[in-house]
Amino acid sequence: MVIDNIANYTQYIELHPLFARAFEYLKSTDFSEYQEGKYPIDGNDIFASISDYITKSSGQLEGHREYIDIQYIISGQEKIGVAKFNNQTESIPYSNERDIAFFEGDYETITLKEGMFAIFFPDDLHLPCLKCDEPSAVKKVVVKVRLK
């Protein structure tokens, strides 16, 4: 897992061959013009999902096998539960179609604010969209990068 401000993205582009393209998209896109939805960047290898939502009190950890998440806060702030995958029990089995499984288990939280991103690799379970103090509005883009 990586947590940082988008201003420092160049420190991480060597972590994966597709990260340079993914971060270029994040840096060069004016998301104020974009609505919720899925946006192709490089076929099925890189795509973005934009969401507007109200943060919540609870949820379940999630994990992915085929894609790395780069979660970038466009506006607002949220807490994200984080835990390393360590044979936690699946509460909802893995879906190949959606590349997601849900897990029960303990986690710590991090806070992402506007302009910050987190990179979640397959061994990083995460529970996004949690409220900081009170529920609040967040606009976020999740760039999915195929592992290859």
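The values are calculated or read from the model by the stated rules, or taken from the named source; none is laboratory data. Given the structure is predicted, the values throughout are model-derived calculations rather than measurements. So basically every Cβ, Gly included, is an ideal-geometry build from the backbone, and we count neighbours across all protein chains shown. What goes into the accessible areas is simple: the full protein's heavy atoms, side chains included, and nothing from ligands, DNA or RNA. Shrake-Rupley method; radii C 1.70, N 1.55, O 1.52, S 1.80 Å.
Just checking, does segment 22-36 include any residue being in a strand (DSSP E or B), modelled with pLDDT of 95 or more and open to solvent by less than 70 Å² (accessible area, probe 1.4 Å)?
No; the residues of segment 22-36 include none that is in a strand (DSSP E or B), modelled with pLDDT of 95 or more and open to solvent by less than 70 Å² (accessible area, probe 1.4 Å).
Evaluate the following for T55: is it in contact (Cβ under 8 Å) with a residue 40 or more places away in the chain, out of contact with any Phe, Trp or Tyr (no Cβ under 7 Å at 6 or more places or on another chain) and either buried (at least 18 other Cβ atoms within 10 Å of the Cβ) or not small (G, A, S) (or both)?
Here the answer is yes, as T55 does meet what is asked.
Show the residue pairs that are 6+ apart or on different chains and have beta-carbon atoms under 9 Å apart, the first residue being within segment 1-15 and in contact (Cβ under 8 Å) with a residue 60 or more places away in the chain, the second being of a type in the set (G, A, S).
M1/A118; V2/A118; I3/A118; D4/A118; N5/G115; I6/G115; A7/G115
Return the residues of segment 1-21 that are open to solvent by 30 Å² or more (accessible area, probe 1.4 Å), part of a strand (DSSP E or B) and among the aliphatic types (A, V, I, L, M); say none if nothing qualifies.
Scanning segment 1-21 gives a single hit, I3.
May I ask you to say which residue of I100, I73, I80 is in contact with a Lys or Arg (Cβ under 6 Å, 6 or more places away or on another chain), surrounded by 13 or more Cβ atoms within 10 Å (Cβ to Cβ) and closer than 27 Å to Y34 by Cβ?
That would be I73, the only listed residue that is in contact with a Lys or Arg (Cβ under 6 Å, 6 or more places away or on another chain), surrounded by 13 or more Cβ atoms within 10 Å (Cβ to Cβ) and closer than 27 Å to Y34 by Cβ.
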